[in-house]
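Some notes on the structure that comes next.
The values are calculated or read from the model by the stated rules, or taken from the named source; none is laboratory data. Not measured: the values here are computed from a predicted model. Heads up, the Cβs are rebuilt from the backbone with ideal geometry, glycines too, and the neighbour counts pull from every protein chain shown. With ligands, DNA and RNA removed, areas are computed over all heavy atoms of the protein, side chains included. Shrake-Rupley method; radii C 1.70, N 1.55, O 1.52, S 1.80 Å.
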Amino acid sequence: MPKMKDEAIQDMLTRKAVVLEHYSKKKTKQKRKKTKGFTAKQRRELRLFEIEPEQQKYAIFLPLHELWKQYIRDLCHGLKPDAQPHMIQGKLLKADLHGAIVTVTKSKCPSYVGITGIILQEFKHVFKIITKEDKLKVVPKLNNVFSLELDGFISYIYGSKFLLRASERSAKKFKLKGTIDL
């Protein structure tokens, strides 16, 4: 109680409820520290994205391709022959390509033409592809045209227009028109 005369206190008590003055220390909110991931340098040192040579076998990744085919069929509602090609193409552009069998059909560098294999990793500028000869090839997207075949439907992907990470590409709107330089 604040220091008052007894009469003032008695008068206060007979009228209404008493509000006691309370001085509390303000509680400081503890900020959660966000757990930070590894830096690019740490990832390189730990070799997080490297595939070990004994794991670089085409046969190991065939089940991944089967999963990818099932994923695309679900995404495109069965790839029926009467489906509109531009609708399937639009869905393929936004789809995840890990596990797809792709072929380099055109390239500025002739040594890339004809490379066929399963996409193991996709980065902003390159695909890592495992070939049937169990070789891991790093193919740049820039100045390359890739073909993708699924249930008789062949789709061509222009790598120059595809320079995005898979996660960024799923949210991007692709324009129908544009120049294609190769």
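From the list LYS128, LYS135, pick out the single residue that is of a type outside the set (A, V, I, L, M, F, W, C) and under 17 Å from SER160 (Cα atoms).
LYS128
Pairs only if they're at least six apart or on different chains, beta carbon under 7 angstrom, first in the stretch 92-108 and surrounded by 18 or more Cβ atoms within 10 Å (Cβ to Cβ), second outside any loop (DSSP other than H, G, I, E, B) and charged (D, E, K, R); list them, first residue then second.
Once the first residue is surrounded by 18 or more Cβ atoms within 10 Å (Cβ to Cβ) and sits in the stretch 92-108, its partners that are outside any loop (DSSP other than H, G, I, E, B) and charged (D, E, K, R) give LEU97/GLU122; HIS98/GLU122.
Just name the residue that is most open to solvent (accessible area, probe 1.4 Å) out of those in the stretch 125-143 that are in contact with a helix residue (DSSP H, G or I) (Cβ under 8 Å, 6 or more places away or on another chain) and over 19 Å from LEU64 (Cα atoms).
My answer is LEU142.
So which of LEU67, LEU62 ends up being assigned to a helix (DSSP H, G or I) and open to solvent by less than 80 Å² (accessible area, probe 1.4 Å)? Even if it seems obvious, please write down each step before you answer.
On the way: LEU67 fails: open to solvent by less than 80 Å² (accessible area, probe 1.4 Å).
Sole residue among the options that is assigned to a helix (DSSP H, G or I) and open to solvent by less than 80 Å² (accessible area, probe 1.4 Å): LEU62.
Residue-wise test of (1) of a type in the set (Asp, Glu); (2) closer than 25 Å to GLU168 by Cα; (3) touching a Cys at 6+ places or on another chain (Cβ under 7 Å).
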residue	(1), (2), (3)
LYS91	no, yes, yes
ASP96	yes, yes, no
VAL104	no, yes, no
PRO110	no, no, no
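Given the structure, is LYS108 under 15 Å from ILE51 (Cα atoms) and out of contact with any helix residue (DSSP H, G or I) (no Cβ under 8 Å at 6 or more places or on another chain)?
no
Restricting to the stretch 77-114, count the residues that are among the aliphatic types (A, V, I, L, M) and in a strand (DSSP E or B).
3
Tell me which of these GLN89 doesn't satisfy, since it passes every other one: (1) open to solvent by less than 40 Å² (accessible area, probe 1.4 Å); (2) at pLDDT below 90.
Going through (1) open to solvent by less than 40 Å² (accessible area, probe 1.4 Å); (2) at pLDDT below 90 one by one, GLN89 breaks only (1).
Looking only at strands (runs of 3 or more DSSP E) that fall completely inside the stretch 115-158, which ones have 1 or more residues that are modelled with pLDDT of 90 or more, over 23 Å from ARG73 (Cβ atoms) and hydroxyl-bearing (Ser, Thr, Tyr)?
In the stretch 115-158, the matching strands (runs of 3 or more DSSP E) lie at 126-131.
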